[in-house]
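Derivation of every value follows stated rules applied to the coordinates shown; laboratory data play no part. Just so you know, these numbers come straight off a predicted model, no measurement behind them. Note: ideal-geometry Cβ built from the backbone for every residue, glycine included; neighbour counts use all protein chains shown.
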Amino acid sequence: MVTSLYDLDRAQLAEALADQPRYRVDQVWRGLWEERRPLGAITTVPLALRARLAEQFPSGLSARAAVDSDRGATRKWVFALHDGATIETVLMRYHDRVTVCVSTQAGCAMGCSFCATGQAGFTRHLRAGEIVEQVLVAAAAAAPLRLSNVVFMGMGEPLANYDATVGALRRLHDALGLSARHLTVSTVGVAPAIERLAREGLALTLAVSLHAANDALRDELVPLNRRYPLDRLFAACESWVAATGRRLSLEWALIAGVNDTPARLRELADFATGLRAHVNLIPLNPTPGYPVRGSDPATVRAAQASLREWGVNATVRDTRGRSIAAACGQLATVTRGRRRLAVRAVAPEGPAPARERHRAHDAGDPA
Ligand code: SAH
Ligand code: SF4
């Protein structure tokens, strides 16, 4: 197995540096985690030692391309992993916070009908180090702004890759010093894993991608619902709230004529009220494999107003990265598009697409 420096805990790093003076461990650890520097930039460590570490624990990601949008406030990377699988990562700078959206798997096995990642299928799980390294690359790019939030909303289902997800969360919290409440895990609803996560003692934010609050429709949109239907999911959400005391978010991609009608929204309101959950409305982004469109802006506003009238706290998610297909969770397989965008190649050995076509998408960040 290929291990990167970001997979090592402090004891493992000390073991790797057993032939060195003790303070080298501190220098490398502090450089990587407290100063958030890439190994090559930890200049307190001799060049030869850095070279040895780089060879022994190669970086897990190599950037194939980086695309900026929102006048530079949003950047999306395409990274190749050591085995050639590709993932995407998005950095979003807001006036009050800097957020990175990370992938937890290359592809996804959950097969949600409306999701580009789901349509493309599963390649493999990411290791914790590969998840964490996405954060550190984004943190370096954000400087001098300080990265504050991480959302696990990129490619893949975090709770289907449980150990790597929790390993990455712990590393981000313990070593990088990010506040747990600034870490958000988005899940399609793997009920037993939600219950397990509730017992980890991490006060993070959980977002559940609901999209339908009746089983017949949710079976269609989210195949995992057949395994963990709404009653089961509701019970898992209840135990999350009871164990953590944290508010839960429900994600709802508004699909025209499918889940934006008063009857469907009423079902959502009932589900949300029982959990005192917050609702994030996201107009569905078109994907090549799903013919139905997102709700129009007037319907989105009306949906929000109805939910609020019924006493549910509902927000419409911001649409960062629209022009670069930077949507968290729907980053893959973009083949047809409306606009042309310059793509800056960042890896000399990469395919260096000078121009690429992308479909317009949203990127979200729960406020
Ligand atoms: N697998 C996890 C996290 C990644 S998906 C999950 O499903 O929650 C992140 C978010 O993007 C989810 O809420 C997902 O439902 C949403 N999403 C996927 N495809 C979308 C689309 N075409 N339009 C809008 N949101 C979408
Ligand atoms: Fe996977 Fe989430 Fe996409 Fe569903 S919405 S296919 S769980 S990434």
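Annotations for the structure displayed:
- The Rg/Rh ratio of the stretch 267-310, with both radii computed over alpha carbons and Rh defined as the Kirkwood radius, is 1.05.
- The charge dipole of the chain, taken about the Cα centre with unit charges on the Cβ atoms of Lys, Arg (+1) and Asp, Glu (-1), comes to about 920 debye, rounded to the nearest 20.
- One equal scatterer on each Cα of the stretch 183-267, no solvent, Debye formula: the resulting log10 I(q)/I(0) at q = 0.13, 0.14, 0.15 Å⁻¹ is -0.40, -0.47, -0.53.
- Antiparallel %, DSSP beta bridges [both residues in the chain], to 5: 55
- Among Thr43, Leu13, Pro58 - extreme Cα towards positive end, dipole of the stretch 12-58, charges at beta-carbon: Thr43
- Separation of the Asp270 and Asp19 label points, Cα + 7 Å toward Cβ, nm: 6.8
- Shape of the stretch 12-58, Cα gyration tensor, a/c cut at 1.5: rounded
- Protection-proxy order for peptides 53-66, 33-46, each taking the mean of Cβ atoms within 10 Å per residue, highest first: 53-66, 33-46
- Relative contact order of the chain, taken over Cα pairs closer than 8 Å and 6 or more residues apart, is 16 percent.
- Choice from Glu238, Glu157, Glu251 with maximal GNM fluctuation in the chain (Cα, 10 Å cutoff): Glu238
- The chain gives an Rg/Rh value of 0.98, both radii derived from C-alpha positions and Rh following Kirkwood.
- Put a plus charge on the Cβ of each Lys and Arg, a minus charge on the Cβ of each Asp and Glu, and nothing anywhere else: the dipole of the stretch 12-58 about its Cα centre is then about 120 debye.
- Calculated [222 nm] ellipticity per residue, helices only, for the chain: -9000 deg cm²/dmol; basis is -39500 (n - 2.57) per DSSP H run with n ≥ 4, divided by all residues, nearest 500.
- Spatial separation of Cα centroids for the stretch 257-281 and the stretch 293-309, in angstrom: 11
- Relative frequency of Cα-Cα separations exceeding 24 Å in the stretch 35-165, percent: 33
- Lys/Arg +1, Asp/Glu -1 at C-beta; the stretch 188-326 dipole; positive extreme among Gly274, Ala203, Val292: Ala203
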